[in-house]
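The values are calculated or read from the model by the stated rules, or taken from the named source; none is laboratory data. In this text, all values refer to a predicted model and were calculated from it rather than measured experimentally. Reconstructed Cβ throughout: ideal geometry from the backbone, glycine too, with neighbour counts over all protein chains shown.
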């Protein structure tokens, strides 16, 4: 119990003393996670609208694939992207391995099925009369998509938050593609794993608390938006 309390005291000093190493790690995590979420949303949201507003052969199979990919292990994504951007990979010449850009690429693939699938659900659960009204008014596909985007905005925001939560808390992709390089690619999750294994429990605890705080703030913002809406 004394060990835990001592570690908690040191962790509090690191947090409230604004330790540069701790907040540098937090900043790196936020940069790669926000960038990956934005990239995944720019692909996933239009893709979800395209699927939801059209009927085509294989739509059910595509939905099944998206549902399956939502549970894709992070280490599998990390290995796949590693094979792609490693020296012998198709994109090896770009020098993305062990860089923040490499982590962003991997985490984008990790967040993409979550954002796409949850956005798809948000659009498909709109009142059926909405789509009938759009058709009766002669709305084009683009105008219908824009209207659906607005009507399902809260569900889409929830999808973005879920995607962000997935990538900010993952460790496999960041470890494999980033290499956990101090001051460059070290994220909160990889630092927690490293420092705890080294016996630096206080630093790991401080980062864990800040990781929970980030998740709380993001979900709190979504909750506030829902209440206002």
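A few remarks follow.
- The set of residues from the stretch 127-147 being under 15 Å from residue 45 (Cβ atoms) and surrounded by fewer than 17 Cβ atoms within 10 Å (Cβ to Cβ) comprises 142, 146.
- The residue list 36, 48, 90, 9 contains one member that is outside any helix (DSSP H, G or I) and in contact with a helix residue (DSSP H, G or I) (Cβ under 9 Å, 6 or more places away or on another chain), which is 90.
- Top-ranked residue of the stretch 17-31 - restricted to ones that are farther than 11 Å from residue 168 by Cα and touching a helix residue (DSSP H, G or I) at 6+ places or on another chain (Cβ under 6 Å), ranked as surrounded by the fewest Cβ atoms within 10 Å (Cβ to Cβ): 22
- The test for being assigned to a helix (DSSP H, G or I), modelled with pLDDT of 90 or more, in contact with a helix residue (DSSP H, G or I) (Cβ under 9 Å, 6 or more places away or on another chain) and more than 17 Å from residue 164 (Cβ to Cβ) holds for residue 78.
- Residue in the stretch 208-228 that is outside any helix (DSSP H, G or I), over 14 Å from the mean Cα position of the chain (by Cα), buried (at least 18 other Cβ atoms within 10 Å of the Cβ) and modelled with pLDDT of 90 or more present: no
- Meets criteria (touching a helix residue (DSSP H, G or I) at 6+ places or on another chain (Cβ under 6 Å) and at pLDDT 85 or above) for residue 177: yes
- In the stretch 120-147, the residues that are farther than 24 Å from residue 60 by Cβ reach residues that are in a helix (DSSP H, G or I) with C-beta atoms within less than 8 angstrom, at least six apart or across chains, in these pairs: 139/147; 143/134; 147/130; 147/134.
- Some residue of the stretch 44-58 being over 30 Å from residue 120 (Cβ atoms), loosely packed, with under 12 Cβ neighbours inside 10 Å and free of Cβ contacts under 8 Å to residues at least 24 places away in the same chain: no
- A single member of 169, 88, 111, 101 is without any contact (Cβ under 8 Å) to a residue 12 or more places away in the chain and under 16 Å from residue 32 (Cβ atoms), and it is 101.
- Some residue of the stretch 131-152 being modelled with pLDDT of 85 or more and outside any helix (DSSP H, G or I): yes
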